[in-house]
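Here's the structure, in structure tokens; my notes come after.
The values are calculated or read from the model by the stated rules, or taken from the named source; none is laboratory data. Note that the structure is predicted; figures quoted are calculated from it, not measured. Quick reminder, even Gly has a Cβ in these numbers, built from the backbone with ideal geometry, and neighbours come from all protein chains shown. For accessibility, only protein heavy atoms count, side chains too; no ligands or nucleic acids. Shrake-Rupley method; radii C 1.70, N 1.55, O 1.52, S 1.80 Å.
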Amino acid sequence: MEYFNSNNISKQNRQFELFGSNTNTAINIQNTNNLKIKCETLIEWRNQIHNHQLKISEDSYDKTLQQTILPLNNIFNEKKIDPFSLQPLSLNFWRTNQHIHDGPAMYFVIDNMVSSKIILYIGETNSANRRWKGEHDCKNYLMNYKEALANNNLSSHQDIRFFLDVPKEVKLRRKLEQQLIYLWLPPFNKETRDRWTTTFTNN
């Protein structure tokens, strides 16, 4: 995510180190079998995130709540965006014939299990068609997350979804990104480290 790669943020601190500081999450690492996360710990962690995000989804459908807390002059209000209703695409969409609008967008990386879905990461981009092609910190976390699931025989499927009706101005788009992060609290964004890190540090 371009916005958070500022000079005063180190490479190690760009994203929430979900699987611990001793885990090498470089993209070219072939062996990540040192991930030792208990099944019940992983399920509990995921359920906590799901419970929070489910409440946000339910509130979004409460018309009375919307009328009382949503400012009418806020065109790009984060509570009016439902990431789960967006079209799911493969994380490797650029390798297929799926066409993505090449303009500005918000994007959501979503994990799908049998009975629930959670947002893992939220980002903004000036070019939806190109942002996910190259190196991205979130890909490291996804790699480790999927291995942890596999090691515990938990099946899931991750996808990416784009919301295109966003501000053209970078400043406004980044403000919307921050609003969405603090609303949904996706675990792979660095801003949520204080909210979701305890389960794994105690493992």
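Of note:
- Scope segment 151-198; condition open to solvent by less than 70 Å² (accessible area, probe 1.4 Å), farther than 18 Å from Ile118 by Cβ, in contact with a strand residue (DSSP E or B) (Cβ under 9 Å, 6 or more places away or on another chain) and assigned to a loop (DSSP other than H, G, I, E, B); matching residues: Val166
- Here segment 135-150 is the region considered, the condition is being of a type in the set (A, V, I, L, M) and open to solvent by 40 Å² or more (accessible area, probe 1.4 Å), and the residue that is nearest to Val114 (Cα to Cα) is Ala150.
- Every residue from segment 101-128 that is open to solvent by 10 Å² or more (accessible area, probe 1.4 Å) and either β-branched (Val, Ile, Thr) or modelled with pLDDT under 80 (or both): His101, Asp102, Val114
- Scanning segment 148-174 for residues that are without any contact (Cβ under 8 Å) to a residue 12 or more places away in the chain and among the basic types (Lys, Arg) yields a single hit, Lys171.
- Breaking point among (1) open to solvent by less than 10 Å² (accessible area, probe 1.4 Å); (2) at pLDDT below 85; (3) not in a loop (DSSP other than H, G, I, E, B), for Trp132: (3)
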